[in-house]
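Report on the following structure.
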Amino acid sequence: MLKFIFLSLLFYNYSLADELNLFTSRHYEGDNMLFNQFTDKTGIKVNVVSGKSKVLEKRILEEGEKSKADILFLADAGALYSSQSKGLFTKLDQKRYNFISKSLRNDYWVGITKRARIVFYNPNVTSVNEIKDITYENLADKKWDKAIAIRQSNNIYNQSLVASILEHNGERKTKKWLNGFVKNFARSPQGNDRAQILMVASGKAKLAVANSYYYSLMLSGIKGDKQKKAAEKVLPHFPNQNGRGTHINISGAGILKFSPNKENALKFLDFLLTEKSQLEFCNNSFEFSVLDNMKSNKIRNNLNDNFKEDHSIDVTVYGKRQKEAYVLMKKAGWN
Ligand SMILES: [Fe+2]
């Protein structure tokens, strides 16, 4: 009997030692390639569970101690903060991640990739001079009356952007800014980030606000010839270059409190943060690396990554102030 228990314990440990259960809200083909590379290198099988962040969060919460999830990998610091505030993560040893900017991590999760929420324009309609010093704050100016395309207020990227503005400028100024900004919408917000870039390409809007990698994705041709041609008419511009820098967000990951394979989870995070993996993120999903001095493939993504990033506030703040931001957005009439 004892022998049997010992053997089954051995087997139990053995099976745990060789796998990792990854819960992810990301949906890029390139990610799976990377996960396979991790398996080839370590022998650790990666079981991927994909879904929207709220769905994954709910499942992990409901399964509690029985949850087999090891890592939660989410797009947007706000989504990570939401899971953090529900107590889903275990603490990370910050020393292990001190090569990553402090503003992109906290005790519970670490930034894996970076993205910028920026402005796009059509140089045939709007001159570079008109926008070269543009700030997020300027997007509320009367000059841009009915000129801006942006998605809805329920979009987490927008909520994070407004949360950052709230943190920088305070509530009173943000309310005023929102009122002006909403008046400048070219249409009632709808569609995804790429749809906003298409509005600018077709001349229906002068400016679009969208995440940097969507533009690169369109240019790559992965989304079809029509989107590629449209993106070729459009140029990216990074706001607030003369001041605090452009709004930066992350995809990030944390290890779950009841993770059955914590050692494997640590190895996996280390792997995602190697130069080689970071380069894959840059080239496949067109995001920016969280490593300093790591530049993306400029030919493929056509984005200058030598821009000033806003690291003056921690991305954690986006999560902390997102609800507050959303209330103000709705009040200003941002649907
Ligand atoms: Fe996205």
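Averaging the Cα positions of each part gives two centres, and for the stretch 149-164 and the stretch 40-74 these lie 26 Å apart. When the square roots of the Cα gyration tensor eigenvalues are ordered a ≥ b ≥ c, the ratio a/c for the stretch 78-181 is 1.5 or more and a/b exceeds b/c, which makes its shape prolate. Along the axis of the charge dipole computed for the chain (Cβ charges of +1 for Lys and Arg, -1 for Asp and Glu, origin at the Cα centre), the listed residues N21, Q37, Y108 are led at the positive end by Y108.
Springs between Cα atoms under 10 Å define the GNM used for the chain, and in it the highest mean-square fluctuation of I165, I222, I313 occurs at I222. Net charge dipole, the stretch 48-153: roughly 160 debye, given to the nearest 20, about the Cα centre with Cβ charges of +1 for Lys and Arg and -1 for Asp and Glu.
Relative to the Cα centre, the charge distribution of the chain, modelled as +1 at Lys and Arg Cβ and -1 at Asp and Glu Cβ, gives a dipole magnitude of about 1080 debye. Karplus-based coupling profile of the stretch 247-254, in residue order and whole Hz: 4, 10, 10, 9, 9, x, 9, x, with θ = phi - 60° in 6.51 cos²θ - 1.76 cosθ + 1.60 and x standing for Gly or Pro. Take the convex hull of the alpha carbons in the stretch 93-245; its mean projected area over all directions comes to 10.3 nm². Helix 2-17 and the longest principal axis of the Cα set of the chain meet at an angle near 20°.
Toward the positive end of the charge dipole of the stretch 210-256, with +1 on the Cβ of Lys and Arg and -1 on the Cβ of Asp and Glu, the farthest Cα among S212, G243, G254 is that of S212. Net charge dipole, the stretch 130-175: roughly 160 debye, given to the nearest 20, about the Cα centre with Cβ charges of +1 for Lys and Arg and -1 for Asp and Glu. For the chain, modelled as a GNM whose springs connect Cα atoms under 10 angstrom apart, the maximal fluctuation among Q152, Q37, Q84 occurs at Q37. 3J(HN,Hα) along the stretch 191-199, derived from phi through the Karplus expression 6.51 cos²θ - 1.76 cosθ + 1.60 where θ = phi - 60°, amounts to x, 8, 4, 5, 4, 6, 5, 5, 4 Hz, with x in place of Gly and Pro. Of S53, S188, S312, the residue with the greatest mean-square motion in the GNM of the chain, using alpha carbon springs below 10 Å, is S312.
Above 13 Å, the calculated P(r) of the stretch 233-275 contains 70 percent of its Cα-Cα pairs.
Among H247, H311, H27, the ranking by other beta carbons within 10 Å of each residue's beta carbon, starting with the fewest, stands as H27, H311, H247. Each part reduced to its alpha carbon centroid, the stretch 224-276 and the stretch 92-124 end up 7 Å apart. As a ratio to 2.2 N^0.38 Å, the alpha-carbon radius of gyration for the chain is 1.06.
Taking each pair of distinct Cα atoms in the stretch 233-335 once, what is the resulting Kirkwood hydrodynamic radius in Å?
Hydrodynamic radius (Kirkwood, Cα pairs) of the stretch 233-335 is 16.7 Å.
A short reminder: the numbers here are calculations on the coordinates, not readings from a lab. Keep in mind the model is a prediction, meaning the values are calculated, not measured. In this analysis, Cβ positions are derived from the backbone assuming ideal geometry, glycine residues included, and neighbour counts consider all displayed protein chains.
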